[in-house]
Every structure is written in C-alpha cells, then in structure tokens.
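Bear in mind these aren't lab numbers, they're just calculated from the coordinates by the rules spelled out. Just so you know, these numbers come straight off a predicted model, no measurement behind them. Positions of Cβ are backbone-derived with ideal geometry, glycine not excepted, and every protein chain shown enters the neighbour counts.
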Amino acid sequence: MEAILEAAAQVFERDGFAAGTTNRIAERAGVSIGSLYQYFPNKDAILVALARHHMAEGATMLLPIVSRLNEGEPWEEVLPGIVEAMVALHAVAPMLHRALFEESRLPGELREEMVALEDAMVDVSEQALIADPTIEVRDTRVVASVMVNAIEGLTHRLVLRPPPGVSIEAISTEITRMVRAYLLAAQQAGA
C-alpha cells in the first residue's frame, strides 16, 4: 500500500491529477493494476489517502512547534517556526499539493476533516493568545482565525505558485512579517 501511495504522489507531482491514471500509478509502483485495486477501488481513494497523509504529516511537523505556545512561549518567538514549518511542508512537492487540493474534488468527509484540523489550530492559537501576557486583543477567536487562515492561505498561494525569483526563505519571512503586523494592528485597534 505504501508503495502505491508513494508512486501516486510521484505520478500526481509529475503529471497532475487528471493525467495521473491508476495504470500509471500501478506501473510506477511496480504492481499490477489488480493489486492496486485490492487496496484502492479508484484514483479518488488514492487521492483521499494521500491528502490524509499530508494532513497527518503537517500535524506532526506543527505539533512540537505549536506545543511551545501551550508551554507559555510568546507568539513572537513561536510564529517564525510555525510559518517555516508550513512553508517547508508545502515546498517538498508543490505540484502534488496542487494536484491534491486544487485539481481534484475532495469528498465532503475529507473536507470536514480539513476544517476540523484548521479549527484545532485556531483553538490552540486562541488559547496561546489568551495566555500570552504581551498580547491584549478583545476577540481572540477572530484574531486567531485570521492568523491561522492567513498563514495557510498565503503558504498555499505563494509556495505552490511562487513569484519568479522569490525564495522560500523570503516567503517565510514575509508571511511572518505580515502576521506580526496584523497582530500588532489588532492590539492597537483593540480588536
């Protein structure tokens, strides 16, 4: 099963979702098409497995960094690590991410899992905002939601389709700068 998923990731990265057929995936994995269908009934099932793997990988990368917020480290110190982890996760195989999240229709169940993961990130972020004595914002839920969505949205847009000549490091730096500026503005406005 792992060989099939790895092959599918390579095929989707190279050819995109539409052109990434089960025959190409089976050939790349070195298995018969019948063996592929023993594990996955169709290409969409492979897509779902890859998307779940990506989400788990992201959670694994982010958990140790985000846990620093729960341990009382200030947002200012933890934010760069969060952004760098998100950027690094998406920079590994940008064409695969485009195939998974832009070229295909993810089933509702998987979209619900993605929303739940995002909500969990907002929950942790909100608790960190509340706990950080250097931050004073009135509506911590809104501020946490904006920050999480800004990081995710900008990472997807800028890493999957980087501007010409712009490095991954520059993208991380600018996303971090933007979120810091937002948080400062939210504090000044009493948001």
Open item on the list: Run the helix sum for the chain: -39,500 (n - 2.57) per DSSP H stretch of 4+ residues, divided by residue count, reported at 222 nm to the nearest 500 deg cm²/dmol.
Closed with: -27000 deg cm²/dmol
TODO: Give me the Debye-computed log₁₀ of I(q)/I(0) at q = 0.22, 0.26, 0.35 Å⁻¹ for the stretch 1-41, equal point scatterers on Cα only, no solvent, two decimals.
DONE: -0.57, -0.79, -1.25
Task: Most mobile of Ala93, Ala18, Ala51 in a GNM of the chain (Cα contacts under 10 Å) - done: Ala18
Open item on the list: Given Cβ point charges of +1 (Lys, Arg) and -1 (Asp, Glu) and nothing else, what value in debye, to the nearest 20, does the dipole of the chain about its Cα centre take?
Closed with: 620
Task: Gaussian network model of the chain, Cα within-10 Å springs - most flexible of Ala99, Ala144, Ala181 - done: Ala181
Open item on the list: Please report the net charge: other residues with Cβ closer than 14 Å to the Cβ of Ile135, K and R +1, D and E -1.
Closed with: -4
Open item on the list: Can you give the log10 of the normalised intensity I(q)/I(0) at q = 0.12, 0.13, 0.14 Å⁻¹, computed with Debye over equal Cα scatterers of the chain?
Closed with: -0.65, -0.74, -0.82
Open item on the list: Rounded to whole Å, give me the distance from the Cα center of the stretch 58-134 to that of the stretch 157-191.
Closed with: 15
